[in-house]
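Note sheet for the following structure.
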Amino acid sequence: MKRFDQPIYVTRPYLPALEDFQKGCAEIWANQWLSNNGPMARRFHDALSAYMGVPATNLALFANGTLSLELAFAALGISSGEVITTPFTFVATAHAIVRAGATPVFADIDPNTLCLSPEAAERAITPRTRAIVPVHVYGNPCDVAGFQRLADQYSVKIVYDAAHAFGIPSLATAGDVSMFSFHPTKLFHSAEGGLLVFRDPSLQERLFELRNFAIHSETECTAVGTNAKMNEFQALMGLLCLERMPALLARRREIHDAYAAAFDGHPSVRLLPHSLNRAYVPVLFPDFATRERVYNGLRDQCNVFARRYFYPLLTDFPPYAASRTSCPVAEDLSRRVLTLPTYHSLSLPTVHSIARSIVQMIKDCQ
Ligand code: T4K
């Protein structure tokens, strides 16, 4: 089993050429404009609109994904009641619901996609339900048609947490609102950043207002807004990364295929097949003990830091423990899943070595 000299993390951010970033910085210096919807942020906004094929009136940029999601609820008028979501996600999904003033209600996931199940969500609907927040986990698409049926039948809003799903055209405009995270651990990033894409263009004015304290002039403040603005350096990073999107996607696919080939014929390591942008490489093991052995073995013997996204479940954390519901599928899969390293600069020989070590660790304990 190979031990790497340098740690191999679950991900590393793509970094554009430093000279290109410096060139952009020279422009920011000349503008003397660093934040508050400056020229770079406006350019990034338009570039995203063109890339995603979404009118410029139907999106808004923010400082990060968590604040974007929080403000999506505020713009939709959701500040109380219940919001149904999955326990198999990053804490930010539920934090945003609570910080908006609503109560998260957890429902189980689909065993094939690991995304919220529309059937389980439907069972959790009550007269207090205001919205459903499905998460396209790892870039696996949720059952968008299933959730639209719930929206139509029960008059609830569908807000997708699409933090992992940038670069998947079919998910760009799903639901009432979709939130994309541009954190550096993501396939595409802007150092930190978040994007909302919404069906109703009238939300834009409200979102622009909320992200800038809800002030309109020196003498006017109309609501309790916040500071969720993307700054010019973030926008510059985003613009430079966006130019490389086709290459970023292609490289993830190559890495994913290399893992798939290496695990072919090894039923004890099942690569989850649905991630459309290959943002993550989640694998399932037969049981908790094997997953833990591989996770610890990679770290201790190989210097490889895989991550157990998403373990524990949100309802295992104190802020959400009182909201625990029966979610047997999520409980089982969370104890068996491991996400393996994938990022633009990860070499294929490194992927092969990680995969060989995993196969070896499983053989050793059989
Ligand atoms: N919804 C979902 C479903 C999400 O997954 C997330 C974020 C959100 C909402 C919220 O979006 P944001 O507000 O973040 O835009 C990471 C990220 O911090 C978090 O953004 C992400 N999800 C979550 C899944 O993963 P950690 O605690 O695993 O991050 P950390 O710092 O351990 O980073 C992982 C590895 O990445 C490190 O071991 C090394 C590498 N790394 C990280 C950073 C930040 C780098 O090489 N360079 C870097 O700059 O949470």
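Derivation of every value follows stated rules applied to the coordinates shown; laboratory data play no part. All figures in this text were calculated on a predicted structure; none of them were measured in a lab. Cβ placement follows ideal geometry from the backbone for every residue including glycine, while neighbour counts extend to all protein chains displayed.
If you take the square roots of the eigenvalues of the alpha-carbon gyration tensor of the stretch 96-221 and sort them as a ≥ b ≥ c, do you get rounded (a/c under 1.5), prolate (a/b over b/c) or oblate? Oblate, because a/c is 1.5 or more while a/b does not exceed b/c. The distance between label points at LEU34 and ALA247 comes to 3.0 nm (points 7 Å beyond Cα on the Cα→Cβ vector). Within the stretch 1-84, list the chymotrypsin sites (Phe, Trp or Tyr not before Pro) lying in a DSSP loop whose Cβ has at most 16 other Cβ atoms in a 10 Å radius. Hits after loop and neighbour filter: PHE4, TRP33.
Taking the number of Cβ atoms within 10 Å of each Cβ as an exposure proxy, the fewest-first ranking of GLU205, GLU331 is GLU205, GLU331. Shape call for the chain from the C-alpha gyration tensor, a ≥ b ≥ c root eigenvalues: rounded (a/c under 1.5), prolate (a/b greater than b/c) or oblate? It is oblate, given that a/c is not under 1.5 and a/b is not larger than b/c. Springs between Cα atoms under 10 Å define the GNM used for the chain, and in it the highest mean-square fluctuation of ALA60, ALA289, ALA172 occurs at ALA289. Every pair of different Cα atoms in the stretch 246-310 enters the Kirkwood calculation, which places the hydrodynamic radius at 12.9 Å. Who wins for biggest fluctuation among ILE125, ILE354, ILE215 in a Gaussian network model of the chain, springs between alpha carbons below 10 Å? Its mean-square fluctuation being the largest, the pick is ILE215.
Couplings 3J(HN,Hα) of the stretch 258-270, computed from phi: 5, 4, 4, 5, 5, 8, 4, x, 10, x, 6, 10, 9 Hz, in residue order, whole Hz [Karplus 6.51 cos²θ - 1.76 cosθ + 1.60, θ = phi - 60°; x for Gly and Pro]. Using a Gaussian network model of the chain in which every pair of alpha carbons under 10 angstrom is joined by a spring, one finds that among MET245, MET230, MET179 the greatest mean-square fluctuation is at MET245. Computed on the stretch 157-306, with alpha-carbon pairs under 8 angstrom and 6+ residues apart, the relative contact order is 16 percent. Between TRP29, HIS45, ALA17, the Cα set farthest toward the positive side of the dipole of the stretch 1-74 (charges on each charged residue's Cβ, about the Cα centre) is that of ALA17. Amide H to amide H distances under 5 Å link CYS115 with ASP110, where only residues 5 or more positions off or on other chains count and H is placed in the peptide plane. Comparing Cα centroids, the stretch 1-59 and the stretch 81-127 end up 31 angstrom apart. When only the Cβ of Lys, Arg, Asp and Glu is charged (+1, +1, -1, -1), the dipole of the stretch 18-243 relative to its Cα centre reaches about 220 debye. Centre-to-centre, using Cα atoms only, the stretch 201-239 and the stretch 315-360 are separated by 35 Å. Across the stretch 18-243, Cα pairs under 8 Å and at least six residues apart give a relative contact order of 26 percent.
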